[in-house]
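A.B. asks: Supplied in structure tokens, the structure appears directly below.
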There are 2 protein chains.
Amino acid sequence: MKDLIVESAKKYFSRFGFHKTTMEEIAKNIHKSKGVLYYYFKNKEELFNEVLKQELSCIKTELSKIMMSKNDSLVMLKEYILIRLKLLYKTVNYHETLKADFFEKYYFVKDVRDDFTKFERIQLTTMLKKGKDEGYLNVIDIDSTVDVILMVVSGIEIPLFLQNKYDEYEDTIEELSEMIANSLRMQKNKLFQVLLTQKHKQ
Amino acid sequence: MKDLIVESAKKYFSRFGFHKTTMEEIAKNIHKSKGVLYYYFKNKEELFNEVLKQELSCIKTELSKIMMSKNDSLVMLKEYILIRLKLLYKTVNYHETLKADFFEKYYFVKDVRDDFTKFERIQLTTMLKKGKDEGYLNVIDIDSTVDVILMVVSGIEIPLFLQNKYDEYEDTIEELSEMIANSLRMQKNKLFQVLLTQKHKQ
DNA sequence: ATTTGACTATTTCCGTTTTTCGGTCAAAGC
DNA sequence: GCTTTGACCGAAAAACGGAAATAGTCAAAT
């Protein structure tokens, strides 16, 4: 029953948004009385958060797969950024949470969003650490680099998702991910410095 | 008289915002009748745009100075980004124009904003071209790289300016500018390749 | 050419009324 | 005992109409 409710809610929240969707219509859609929604969920906000959590959980799963691949960390980083934006673009309810930055009536999504940010921070930190250990990445302070990446990808969400510019900016996003990766690429001159020193000694 | 009006308007718009500022109080501040405002400006929107234009004009002047410096293009690029954000942070009326992304009642600021973006595009393009010609920058497509930079710096304006996170993110911004510059840095391995070849021949 | 201030038109504000909707829970159903 | 219903309540939102405020106007004055 709970799943049925969440599915119905997902459908309506995605289409009409949190505020325009009524509990009555969510219930009617599954031929139930509205009271049953409150048997399983404390209130409308909790139902929305459950929908959101499930959607973000799917995205987390997909993003985690990137960590499993055999690609080097720069490729993984690029993929992470691109796939992240692509999946979130498809998650309409997530777009609505961006409005929490402006409207107090979205206060209740904060925890779910913070949880997702935490997940992201862990993923990125792991990725950068791996790249650093492998010698591919040149990162001095992993935490602050993660801050930058998060700030950048979050910053572009509003134009991309709320202003529907994702398609327009698809190439630019691709290049952005390239630039971010490139900015962290270990300079190969260090290798050649070693080689040069050896040649000089011979 | 026109300057007097603009100065008075700047003071009130900055403090109370466009919508909360009345033409009456702008006029009273300079001991004039409200009707004189309409002699010089078509309407309230035009007056606001004039204020905005003048403020952005000062910023354009400061940013243009960066082009005059003797620094290499990477340093200039970093400075451009940092100074840009810093100056815009101080321009309260500009912050208000960011709301145009959400509220239709700010439709009238579009042209002034587009003009500023054009200016920026020219500056960045010039800078990148110079860096490419000097051999400092590794840029394949200048236009699309400029797109990325603009998208990124614009993206972070809302958290920084509208959510007052500039101070909190000051270090992150610094690192962002470093990363952007770094992503475009010409790989020095090419230089060492040449040197290595010469040593090998000797 | 510039400024004023009375005036108009439009917008905003405010208090009241009506409607909607989130939430409740005793009773019914399984 | 668990689950569901549907009548009900109170709070919030929406609608309404009138008052107040404000943007804009323009003939007259300077």
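The values are calculated or read from the model by the stated rules, or taken from the named source; none is laboratory data. Owing to the predicted nature of the structure, the values given are computational and were not obtained by experimental measurement. Backbone-built Cβ (ideal geometry, glycine too); neighbour counts: all protein chains shown. SASA here: full protein model, heavy atoms, side chains in, ligands and nucleic acids out. Shrake-Rupley method; radii C 1.70, N 1.55, O 1.52, S 1.80 Å.
A.B. asks: If you scan the stretch A:74-94, which residues turn out to be in a helix (DSSP H, G or I), within 11 Å of the chain's Cα centre (by Cα) and of a type outside the set (K, R)?
C.D. replies: A:Y80, A:I81, A:L82, A:I83, A:L85, A:L87, A:L88, A:Y89, A:Y94
A.B. asks: Can you tell me which residue among A:K165, A:K118, A:K110 is within 14 Å of chain B (Cβ to nearest Cβ), surrounded by fewer than 18 Cβ atoms within 10 Å (Cβ to Cβ) and closer than 22 Å to A:C58 by Cα?
C.D. replies: Just a single option satisfies the conditions, and that option is A:K110.
A.B. asks: Continuing with this model, one more query. From the list B:E104, B:E134, which one is charged (D, E, K, R) and either surrounded by 15 or more Cβ atoms within 10 Å (Cβ to Cβ) or touching a helix residue (DSSP H, G or I) at 6+ places or on another chain (Cβ under 7 Å) (or both)?
C.D. replies: B:E134
A.B. asks: Regarding the stretch B:27-41, can at least one residue be identified that is under 22 Å from the mean Cα position of the chain (by Cα), within 16 Å of DNA strand D (Cβ to nearest atom) and part of a helix (DSSP H, G or I)?
C.D. replies: No, the stretch B:27-41 has no match at all.
For every residue, the table says whether it meets (1) of a type in the set (A, V, I, L, M); (2) in the same structural domain as A:T22 (by TED's automatic domain parsing); (3) in contact (Cβ under 8 Å) with a residue 60 or more places away in the chain.
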residue	(1), (2), (3)
A:E50	no, no, no
A:S64	no, no, no
A:M67	yes, no, yes
A:K78	no, no, yes
A:L85	yes, no, yes
A:Y89	no, no, yes
A:Y94	no, no, yes
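A.B. asks: In this structure, is B:K129 assigned by TED's automatic domain parsing to the domain that holds B:N182, open to solvent by 70 Å² or more (accessible area, probe 1.4 Å), at pLDDT below 95 and closer than 24 Å to B:N182 by Cβ?
C.D. replies: Yes.
A.B. asks: If you take the residues in the stretch A:19-29 that are of a type in the set (S, T, N, Q) and within 8 Å of DNA strand C (Cβ to nearest atom), which one is surrounded by the most Cβ atoms within 10 Å (Cβ to Cβ)?
C.D. replies: A:T21
A.B. asks: Looking only at the stretch B:8-18, count how many residues are over 19 Å from B:Y40 (Cβ atoms) and open to solvent by less than 80 Å² (accessible area, probe 1.4 Å).
C.D. replies: Number satisfying all stated conditions: 2.
A.B. asks: Turning to a different aspect of this structure: Considering B:V148, B:V109, B:V92, B:V139, which residue is in contact with a Leu (Cβ under 7 Å, 6 or more places away or on another chain) and within 20 Å of B:V51 (Cα to Cα)?
C.D. replies: Exactly one residue qualifies, and that residue is B:V109.
A.B. asks: Among the residues of the stretch B:147-162, write down those that are within 7 Å of another protein chain (Cβ to nearest Cβ) and of a type outside the set (A, V, I, L, M, F, W, C).
C.D. replies: B:D147, B:G155, B:P159, listed by residue number.
A.B. asks: Let me spell it out: the conditions are (1) outside the structural domain of B:K130 (by TED's automatic domain parsing); (2) away from DNA strand C (no atom under 16 Å from the Cβ); (3) of a type in the set (D, E, K, R), and B:D72 meets all of them except one. Which number is the exception?
C.D. replies: Evaluating B:D72 over (1) outside the structural domain of B:K130 (by TED's automatic domain parsing); (2) away from DNA strand C (no atom under 16 Å from the Cβ); (3) of a type in the set (D, E, K, R) leaves (1) as the failure.
A.B. asks: Of all residues in the stretch A:30-44, count the ones that are in contact with a helix residue (DSSP H, G or I) (Cβ under 7 Å, 6 or more places away or on another chain) and open to solvent by 50 Å² or more (accessible area, probe 1.4 Å).
C.D. replies: 3
A.B. asks: Give the stretch B:126-142 a look and list any residue that's more than 13 Å from B:L74 (Cα to Cα) and more than 10 Å from every other protein chain (Cβ to nearest Cβ), or say none.
C.D. replies: B:I142
A.B. asks: Let me ask something else about it. Is there any pair linking a residue in the stretch B:11-25 that is within 14 Å of B:K99 (Cβ to Cβ) to one that is of a type in the set (D, E) and not in a loop (DSSP other than H, G, I, E, B), with Cβ under 8 Å and at least six apart or on different chains, and which?
C.D. replies: These pairs meet every condition: B:F13/B:E96; B:G17/B:E96; B:F18/B:E96.
A.B. asks: In addition: Going by the conditions given, is A:E62 away from DNA strand C (no atom under 16 Å from the Cβ), among the acidic types (D, E) and surrounded by 12 or more Cβ atoms within 10 Å (Cβ to Cβ)?
C.D. replies: The answer is yes for A:E62.
A.B. asks: Out of all the residues in the stretch A:91-102, is one or more among the aromatic types (F, W, Y) and either touching a strand residue (DSSP E or B) at 6+ places or on another chain (Cβ under 6 Å) or over 20 Å from A:K165 (Cα atoms) (or both)?
C.D. replies: For the stretch A:91-102, residues among the aromatic types (F, W, Y) and either touching a strand residue (DSSP E or B) at 6+ places or on another chain (Cβ under 6 Å) or over 20 Å from A:K165 (Cα atoms) (or both): absent.
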